[in-house]
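FYI, it's all coordinate maths here, none of it is from the lab. The model shown is predicted, which means the values in this text are computed figures rather than measured ones. Don't worry about glycine lacking a Cβ; one is built from the backbone with ideal geometry, like all the others, and counts go over all protein chains shown.
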Amino acid sequence: MRIEDVERLADDTAEAIAYQNEISDILQSNMTAEDEEAVLEELEELERQEADRLRLDLPRAPNGVLPDKEIVEPEEEPEEEEKETHRRSRNNPMLA
């Protein structure tokens, strides 16, 4: 491992620790009613933006009545004996 990689890793770790400490300080502090209200308003706005983004990403579903479709059962596999008979009949030419 190169010394530059070690230094970059140490810098990234220090930044992550500083960010974690900042979050911890925010969570431990007492918020006033005004601060809490502002945070809740911002959260609502972010949720609204995310909901709008999700609506744009999703395809439109049909909103009309779909036609009834008949369910077709798959054909059963022929028994092993029937398969063998079919193979033999293909290999034997028919006499006229």
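List of remarks:
- Residue (of 10, 30, 40) at the positive-pole extreme of region 1-41, dipole from beta-carbon charges: 10
- If you wrap the tightest convex hull around every Cα atom of region 1-76 and split its volume per residue, you get 326 Å³.
- Summing +1 for each Lys or Arg and -1 for each Asp or Glu among the other residues whose beta-carbon sits under 13 angstrom from that of residue 11 gives -4.
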